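The structure appears below as structure tokens.
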Amino acid sequence: MRVRNFPYLAFGLPLLLLRFSAAADEPKPTPENTISIKLENEVKPQTFPRPIKFFIEKVVDRSGSPEPMRVIKERGGVFLDKQPTEIVQQALTDTLQKSTLLAADRPSADYLLTVYLFHFGLGEGTGYEFFGKVDLNVVVKNVSTGKSSEITALGTSIQGAALRKKNILKNIQANIDEALESALRNFLRGTKLRDAVVVPDAKPAPPPQASEIFRFVARPLKGRYDHA
Amino acid sequence: MRKYYLLLAAAVFLLTTWASAKDQPKFKSIEVKHFPNAEGVELPPEFSDFLYAELKETLQKKNLAEQLIGEDEVVDSADAAQSVILEGRVLEYKKGSVVKEQLTRGWGGGRSLTAHVKMLRRSNNEVMIDKDIKVGVPAMADPKHLARFLAGKIAGEMKHEDR
């Protein structure tokens, strides 16, 4: 090695080591740092004026997060056991099924739901608590008219911070559970969904048939000519 | 002796009745709405959602309502008379100055936020609370702490509001 290369090496080597050590610090999902999100309480949707069926077409991740399953990076990381889109799809399916609002298949549905997931997990808090946030945007499409309505739903939850890893996992899990439940309730009990489902049903009266128009016009004439 | 027993029984009865009445929530439901910012107010983007979450959490903890419902959720018409809507607007936010805070030994220069808060009865839109509330924290603190203090003050106002 030439002596003149030594300063470059002295400067570059620590940076290289730092890069590798940072890569080694990246937390990996293990059974000890993975949580499972499931709805603890049943979400009761609002009652609709007539029986309707929904079909969940797809759930799309729009969070833009490169690692949607990682909830936090600190303290060895906390991970979700499934993709957030899968969790939301499962929770919404279960809720609709329990309330007999879920269509068996796409053709039998009155409304198609496309869920866009903008945030799932923890939001930015003060650092002294866990701020759970689930932000959804649901496109409700009326199958018969083809008309779509966009509905936003937000679920939040705040839980105290914890020091022990076990409690951190417990609090984060409870926090996201509650935020998901709150977001689904906000969607299914929202006035926006009621408007989207009820308003398009108030269709204008169908235009009269050609035969009816002819009968209406012909009636006075008929009498007049009969008399003659 | 019998007289004392009777008095004691009456006192116990009154105390338990008072305690149970105190524990009962004041409202059937409270709908919390997001507080929009007035023109020119620059707060962190997450502030609005954080304040919304803090309000729901604080009102829940204070046991002010049987049910805390999210924004624009349906309410049973039978409960409307005993249900309220909480809405507001952030009027002013001052970032504060650490230097000024040091120079005045904490008497000025802190972060502050003023919000206009309105509480309406759901059935007839009767205004039950309509006032400006100001909160402050040290200039070094995260601005979201303002949301926590504001939620606490609003809950206090709601608790002491006569039906």
From (1) within 14 Å of chain A (Cβ to nearest Cβ); (2) buried (at least 18 other Cβ atoms within 10 Å of the Cβ); (3) in a helix (DSSP H, G or I), pick out the condition that doesn't hold for B:I85.
(3)
Kindly indicate whether any position in region A:100-121 is under 18 Å from A:G64 (Cα atoms), touching a Pro at 6+ places or on another chain (Cβ under 9 Å) and surrounded by fewer than 19 Cβ atoms within 10 Å (Cβ to Cβ).
no
Out of A:G160, A:G125, I need the residue that is within 14 Å of chain B (Cβ to nearest Cβ) and surrounded by fewer than 21 Cβ atoms within 10 Å (Cβ to Cβ). Which one?
A:G160
Got at least one residue in region B:51-64 being surrounded by 15 or more Cβ atoms within 10 Å (Cβ to Cβ) and farther than 14 Å from B:I154 by Cβ?
no
Which residues, counting only those in region B:54-73, are small (G, A, S) and more than 20 Å from B:Q24 (Cβ to Cβ)?
B:G70
Tally the residues that are without any contact (Cβ under 8 Å) to a residue 40 or more places away in the chain, of a type in the set (D, E) and buried (at least 19 other Cβ atoms within 10 Å of the Cβ), restricting the search to region A:128-154.
1
Output the residues belonging to region B:121-154 that are within 13 Å of B:G88 (Cα to Cα) and in contact with a helix residue (DSSP H, G or I) (Cβ under 7 Å, 6 or more places away or on another chain).
B:I129, B:I133, B:A147, B:L150, B:A151, B:I154
Spot the failing condition for A:Q89; the list is (1) farther than 30 Å from A:R50 by Cβ; (2) in contact with a strand residue (DSSP E or B) (Cβ under 6 Å, 6 or more places away or on another chain), and only one is missed.
(1)
State the number of residues belonging to region B:43-70 that are in contact (Cβ under 8 Å) with a residue 40 or more places away in the chain, under 20 Å from B:M128 (Cα atoms) and either assigned to a helix (DSSP H, G or I) or in contact with a strand residue (DSSP E or B) (Cβ under 7 Å, 6 or more places away or on another chain) (or both).
7
Flag for A:L102 being touching a His at 6+ places or on another chain (Cβ under 9 Å) and either within 11 Å of another protein chain (Cβ to nearest Cβ) or touching a residue at least 24 places away in the same chain (Cβ under 8 Å) (or both):
no
Residues that are at pLDDT 90 or above: find the helices (runs of 4 or more DSSP H) completely inside region A:141-228 holding 1 or more of those.
A:165-188, A:191-198
Return yes or no: is A:D81 in contact with a strand residue (DSSP E or B) (Cβ under 7 Å, 6 or more places away or on another chain), surrounded by fewer than 18 Cβ atoms within 10 Å (Cβ to Cβ) and more than 14 Å from chain B (Cβ to nearest Cβ)?
yes
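The values are calculated or read from the model by the stated rules, or taken from the named source; none is laboratory data. In this text, all values refer to a predicted model and were calculated from it rather than measured experimentally. When we count neighbours, we look across all protein chains shown, and the Cβ atoms used for this are built from the backbone with ideal geometry, even at glycine.
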